[in-house]
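Here the structure comes first, spelled out in structure tokens, and everything after it is commentary.
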Amino acid sequence: MVGLYLASITSQSGLLLFLIGLLGGCFGVNAWMAWRCLGAMKLTAPSGALLAEREKLTQPWTLLNTGRSAAGLVRFEHPQGMLFQVGLIKPGESFHAVPEIVFARRGVYPVGTVSMSTAFPFGLVRWSRPLEQAGEWVICPAIYPVDAPRAGGYDSMVGGRHPGTRRTTFGSRFAGVRPRQPGDPLKQIHWKSSAKGLGLMVKTYDEDLSGRVALGVDCSEGTDSKRLDDCLRAAGSLAFAALDEGHHVEWIDLASRTVWLIPPFDDGQALLECLARMKGSPDCLTDASLQDALGRISGRSAVCLVLTECNAAVYHAIQILSQKNRSITLALPRGYPGIGLPEKVRIAGYTATELEWIT
């Protein structure tokens, strides 16, 4: 516009002044319509979501045009990245879109302030305004498939995946029939065998057993937060492998030292949220903290420790457990030396995406 004005002075042409006015009008109309467009937009977002690292959102957000004219070129952005864009939305029409944002690391991210902006209709002037949204995105560590850790303290439990030596009238592994005894439930009668004239016969099954795994997790962060994230991924993977095997998991983080018993075949949603919210804490691997934590778990459980390092306090705790003939599993960052540990300790090395059994 300045260039056209200077050219109009030089050429003494009024037509150029008309072009200046036309351009100024376009900018003014664009600014007014963009401002009006933002005022007519109503955004409704879900209250939150529980996702794994690098997993895409699945719940759509809803945008409603409450104005009397069409709107478009609306962009929604978050401090963590782009959410979505809308090309054109007619008056009274709603638009549903799933945000494109992806979170690479675990943690809790509040939705908070969302920036809504538009340059409708000409793309000359862009207006924006903040929108406050409630809720949060809970991003849990990415779980990967691993072999279950050793278990101990096997107890009888219907649905357990490990066969026992006794026979029961309930279970998942059919073993045969026997004469009915007082107290046997009627619904367990095997009618085909009973029809042979030898009396009532009942079905028997191999005893179903479920073990116990005490899973202790090191929350030491130090100067390397990535190592803590890798540790929590490994811990979550081992916990889910144990649950899928039908074991009880006694979960205990070495910072708070609160024991949490998770039953077999649990969906694990509460555990995933716990892993997402877990923060680094100093002084997790001291003699006092380890002895206090190990003293809170069941004496019949196998012990699985998922740690970021192996210091003198860890060696001492493992020696004490070994003297009590406890089953011990130790998971450390891959490449970390585990020299001097008892031979019966099962050792695994983990990275950000996998866990490998060494012994």
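The values are calculated or read from the model by the stated rules, or taken from the named source; none is laboratory data. Predicted model, so just to flag it, every value in this text is computed and none were measured. Counting neighbours? That spans all protein chains shown, and the Cβs are built from the backbone with ideal geometry, glycine included.
Below, the figures for the structure above:
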| item | result |
| --- | --- |
| Strands (runs of 3 or more DSSP E) enclosed by the stretch 1-95 - at least 3 residues per element that are over 21 Å from residue 129 (Cα atoms) | 48-52 |
| Test: residue in the stretch 152-160 that is among the aliphatic types (A, V, I, L, M), surrounded by 13 or more Cβ atoms within 10 Å (Cβ to Cβ) and at pLDDT below 90 | yes |
| Among residues of the stretch 51-90, those that are farther than 20 Å from residue 121 by Cα, aliphatic (A, V, I, L, M) and loosely packed, with under 15 Cβ neighbours inside 10 Å, counted | 1 |
| Residue 213 being modelled with pLDDT of 85 or more, over 30 Å from residue 276 (Cα atoms) and in a strand (DSSP E or B) | no |
| The lone exception for residue 304 - which of (1) surrounded by fewer than 19 Cβ atoms within 10 Å (Cβ to Cβ); (2) in contact (Cβ under 8 Å) with a residue 24 or more places away in the chain it fails | (1) |
| Residue match in the stretch 283-300 (condition: touching a Ser or Thr at 6+ places or on another chain (Cβ under 9 Å), modelled with pLDDT under 90 and surrounded by fewer than 21 Cβ atoms within 10 Å (Cβ to Cβ)) | yes |
| Subset of the stretch 204-226 [surrounded by fewer than 19 Cβ atoms within 10 Å (Cβ to Cβ) and basic (Lys, Arg)] | 226 |
| Flag for residue 6 being outside the structural domain of residue 117 (by TED's automatic domain parsing), touching a Ser or Thr at 6+ places or on another chain (Cβ under 9 Å) and loosely packed, with under 15 Cβ neighbours inside 10 Å | no |
| Residue 102 vs. criteria in contact with a helix residue (DSSP H, G or I) (Cβ under 7 Å, 6 or more places away or on another chain), within 30 Å of residue 354 (Cα to Cα) and of a type outside the set (Gly, Ala, Ser) | no |
| Residue 353 being over 19 Å from residue 213 (Cβ atoms), β-branched (Val, Ile, Thr), out of contact with any helix residue (DSSP H, G or I) (no Cβ under 7 Å at 6 or more places or on another chain) and outside any strand (DSSP E or B) | yes |
